Amino acid sequence: MPQRLNTPSVPTADEIPCTHLDTVAKFFRALSDPTRLKLLEFILRGERTSAECVEHAGISQPRVSVHLSCLVDCGYVTARRDGKKLRYSVGDPRVADLVVLARSLAADNATALTCCTRIPDSQD
């Protein structure tokens with residue numbers, strides 16, 4: 001087989017280190033919880049206080065706090081202190097693009113996703 005010269009090498013899936021794939025999988029797992037996704041979409045529309053997030057999510061403050069901490073820890077959301085309040089905003093505008101794309105893909109594949117038995121529905 002002739003060798004190509006000056007062609008950039010594109011790694012195959014088995015050449016990418018597992019840690020990279022694990023990180024990408026973790027990236028998506030952080031969004032796999034419906035409550036976190038609901039909070040993220042709420043925060044995408046503008047900066048929110050934790051009290052506003054509690055009201056929007058309709059669950060207890062401690063549970064919302066855990067979800068918001070996850071979103072902050074994973075880099076989707078930033079938190080800033082404003083007196084006694086924490087205010088949450090999206091730290092990277094690409095997050096909005098990701099959510100819009102995910103919604104579009106999910107809508108286009110809704111039948112297959114609904115019928116998929118390999119990935120259980122969330123238990124929130």
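The values are calculated or read from the model by the stated rules, or taken from the named source; none is laboratory data. Worth saying up front: this structure is predicted, and the values here are computed from it rather than measured. We place every Cβ from the backbone using ideal geometry, glycine too, and count neighbours over all the protein chains shown.
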| request: Specify the residue that is surrounded by the most Cβ atoms within 10 Å (Cβ to Cβ); the eligible residues are those in segment 73-91 that are in contact with a Ser or Thr (Cβ under 9 Å, 6 or more places away or on another chain) and closer than 13 Å to Leu37 by Cα. | output: Val77
| message | Looking at segment 70-91, I want the residues that are on the phi > 0 side of the Ramachandran plot and have a partner that is surrounded by 13 or more Cβ atoms within 10 Å (Cβ to Cβ) and of a type outside the set (A, V, I, L, M) with Cβ atoms under 7 Å, at least 6 apart or on another chain. Which pairs are those? | response | Gly75/Gly91
| Which of the following residues is modelled with pLDDT under 90 and of a type in the set (Asp, Glu): Asp124, Asp73, Asp82, Asp108? | Asp124
| query | Only one residue in His67, His56 is in contact with a Phe, Trp or Tyr (Cβ under 6 Å, 6 or more places away or on another chain), in a helix (DSSP H, G or I) and either among the polar types (S, T, N, Q) or modelled with pLDDT of 95 or more (or both), so which one is that? | reply | His56
| query | How do the pairs read when you match residues in segment 47-66 that are touching a residue at least 12 places away in the same chain (Cβ under 8 Å) with residues anywhere that are among the basic types (Lys, Arg) and surrounded by fewer than 16 Cβ atoms within 10 Å (Cβ to Cβ), using Cβ under 8 Å and keeping only pairs 6 or more apart or on different chains? | reply | Thr49/Lys85; Ser50/Lys85; Ala51/Lys85; Ala57/Arg63
| task | Name every residue in segment 42-72 that is surrounded by 15 or more Cβ atoms within 10 Å (Cβ to Cβ) and of a type outside the set (A, V, I, L, M, F, W, C), in order of residue number. | result | Arg48, Ser50, Glu52, His56, His67
| segment 83-111, residues that are more than 19 Å from Ala30 (Cβ to Cβ) and assigned to a helix (DSSP H, G or I) | Ser104, Ala107, Asp108, Ala110, Thr111
| Evaluation of Ser32 against (1) hydroxyl-bearing (Ser, Thr, Tyr); (2) surrounded by fewer than 16 Cβ atoms within 10 Å (Cβ to Cβ); (3) in contact (Cβ under 8 Å) with a residue 12 or more places away in the chain; (4) more than 23 Å from Ala106 (Cα to Cα) (one fails), failing number | (4)
